[in-house]
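None of the figures in this text is laboratory data; all of them are computed from the coordinates on show. Please read these numbers as outputs of a predicted model, since none were measured by experiment. Neighbour counts are summed over all protein chains in view; Cβ atoms, including those assigned to glycine, are modelled from backbone coordinates with ideal geometry.
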Amino acid sequence: MAERVAILVGGGPAPGINSVINAVTIEAVNNDLEVIGIYDGFEHLMKGRTDMIRPLNISDVSRIHIEGGSILRTSRANPTKKTEDLQNVLKSLKDLKISYLVTIGGDDTAFSASAVSKVSGGTIRVAHVPKTIDNDLPLPGGMPTFGFETARHLGTELVYNLMQDSRTTNRWYFVVAMGRKAGHLALGIGKSASAALTIIGEEFRKEKITLSEVCDVLETTILKRRVLGRNDGLAIIAEGIGEMIDPQELANIPGVTVERDPHGHIRLSEIPLATILKREIQKRFAQRGEKINIIDVTLGYELRCARPIPFDIDYTRTLGYGAVRFLLGDFEKHLSGGMICVENGRIRILPFEELIDPATGRTKVRMVDINSEHYRVARGYMIRLTKKDLQDTTMLSKLANAAKMNVEEFLKRFSWVTEI
């Protein structure tokens with residue numbers, strides 16, 4: 001009987017998943033391995049079920065690399081919360097006679113993959129393929145996680161359309177873009193589309209922020225834009241801002257329920273961040289006797305199952321091929337598990353141990369480097385309140401007038417915004 005390799009997908013969808021499945025299956029079959037696709041990530045394995053599977057042959061996957069979504073579906077089931085669940089996963093894989101496992105997912109799935117590798121004691125060799133449109137896994141050489149480039153591309157196209165509508169109708173758009181911890185996607189879309197403003201969590205330089213602080217940044221941008229002669233604009237806000245706000249503050253907002261997923265994360269999809277920010281800004285302007293037209297939009301599900309662009313197809317086929325070659329011993333034979341990466345055009349294996357943050361015990365997260373030229377350039381082209389604005393007496397007077405405040409009131413209320 002041929003040795004078996006299993007493939008499963010965890011976490012949220014990302015463009016390119018099917019391309020990984022395609023590449024793994026073809027390379028495995030061509031090396032006389034039997035390929036088993038496991039449905040719904042770890043969900044069924046945790047319950048000891050071995051029936052939610054499908055054999056994969058080259059004919060099953062030959063054209064799926066150009067399609068979005070996942071033919072094996074996906075789930076956020078977490079086998080690391082209970083020892084029993086992890087043992088069930090191991091037993092289920094052994095019952096299925098699996099010698100090799102390929103996991104496709106983000107930081108949570110990477111952590112689960114490392115746990116399976118460890119508990120198996122090397123009896124199952126595990127290759128993890130990094131996937132997330134959040135781009136927040138610490139890959140070498142600054143390589144993006146697969147799915148990010150497609151999500152940025154499609155997100156930028158959608159924002160282009162909203163910006164045209166904004167100019168045409170003379171109103172503002174608040175657009176929330178996915179990114180639980182890191183602001184890579186929001187910044188990538190905002191910089192590419194030349195949005196008036198992009199707000200990411202990293203710029204605040206602290207773990208917790210208030211809703212009022214986020215609104216101050218938005219409000220000062222709108223006021224400055226008015227002083228510069230425009231009443232329209234589009235602001236992009238990273239979804240992870242919602243996780244930085246005190247859950248109790250969010251829970252006190254009518255209609256908002258704070259829930260958590262199996263990995264302990266706040267379900268950001270359940271928090272209407274764009275709507276919350278819109279209502280607060282409208283309230284602030286109403287207190288001045290003004291009405292401001294704002295449309296709230298959340299970009300997320302539209303991006304996750306898009307057809308991958310050529311970059312992500314090319315990239316994921318290399319990753320899938322690399323996963324099989326690692327499992328068969330071409331790379332890092334001494335490792336029983338690791339994450340498959342590409343650096344300078346070559347396959348590299350990151351040991352699972354190097355992915356774990358010793359401070360948290362979880363997978364490391366790659367944040368936006370706000371001291372980098374990449375961020376500085378993006379920031380330099382935004383419409384934001386700056387120290388230079390406050391030092392220019394004419395500009396300061398115009399801003400205070402737009403806010404219907406005197407200069408002293410404006411400085412007291414908003415000068416802190418220039419410090420972030």
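Assorted remarks:
- Remark on Lys364: its backbone amide H falls under 5 Å from those of Ile356, Asp357, a criterion applied only to residues 5 or more positions apart or on other chains, H modelled at 1.01 Å from N.
- Relative contact order [Cα under 8 Å, 6+ residues apart], the chain, whole percent: 21
- Note on the chain: GNM, Cα springs under 10 Å; of Ala306, Ala113, Ala286, the largest mean-square fluctuation is that of Ala286.
- Taking segment 1-102 and dividing mean pair separation by its residue count, relative contact order in percent (alpha carbons under 8 Å, at least six apart): 42
- Taking every DSSP beta bridge that has both ends in the chain, the antiparallel portion is near 25%.
- The ranking of Ile276, Ile7, Ile292 from fewest to most other beta carbons within 10 Å of each one's beta carbon is Ile292, Ile276, Ile7.
- Sequence of Asp296, Asp95, Asp108 once ranked by neighbouring C-beta atoms within 10 Å, starting from the fewest: Asp95, Asp296, Asp108
- Each of Pro55, Gly10, Ala77 was placed along the dipole of segment 1-97 (beta-carbon charges, centred on the mean Cα), and the one lying farthest toward the positive end is Ala77.
- Helix 148-169 and the longest principal axis of the C-alpha atoms of the chain enclose an angle of approximately 30°.
- Applied to segment 9-17, the Karplus parametrisation 6.51 cos²θ - 1.76 cosθ + 1.60 on θ = phi - 60° returns per-residue 3J(HN,Hα) values of 10, x, x, x, x, 8, x, x, 4 Hz, with x for Gly and Pro.
- Proximal charge balance of Phe146 [Cβ under 9 Å; K/R count +1, D/E count -1]: -1
- Angle between the chain longest axis and helix 184-193 axis [Cα atoms, degrees, rounded to 10]: 60
- Relative contact order [Cα under 8 Å, 6+ residues apart], segment 148-304, whole percent: 32
- Nearest 10 degrees, 0 to 90: helix 393-402 Cα axis against the chain principal axis: 80
- Here Thr74, Thr132 are placed in order of increasing Cβ neighbour count within 10 Å, fewest first, which gives Thr74, Thr132.
- Amide proton proximity set for Arg307, modelled H, under 5 Å, gap of 5+: Gly68
- In this structure, the amide hydrogen of Val342, modeled 1.01 Å from its nitrogen in the peptide plane, lies closer than 5 angstrom to those of Arg348, counting only residues at least 5 positions away or on a different chain.
- Charged neighbours of Met244, selected by a Cβ distance under 13 Å, balance to -3 (K, R count +1; D, E count -1).
- Radius, Kirkwood style, for segment 271-420 when every pair of distinct Cα atoms is counted (Å): 21.1
- Of the peptides 377-383, 348-354, the ranking by mean beta-carbon count within 10 Å, highest at the top, reads 348-354, 377-383.
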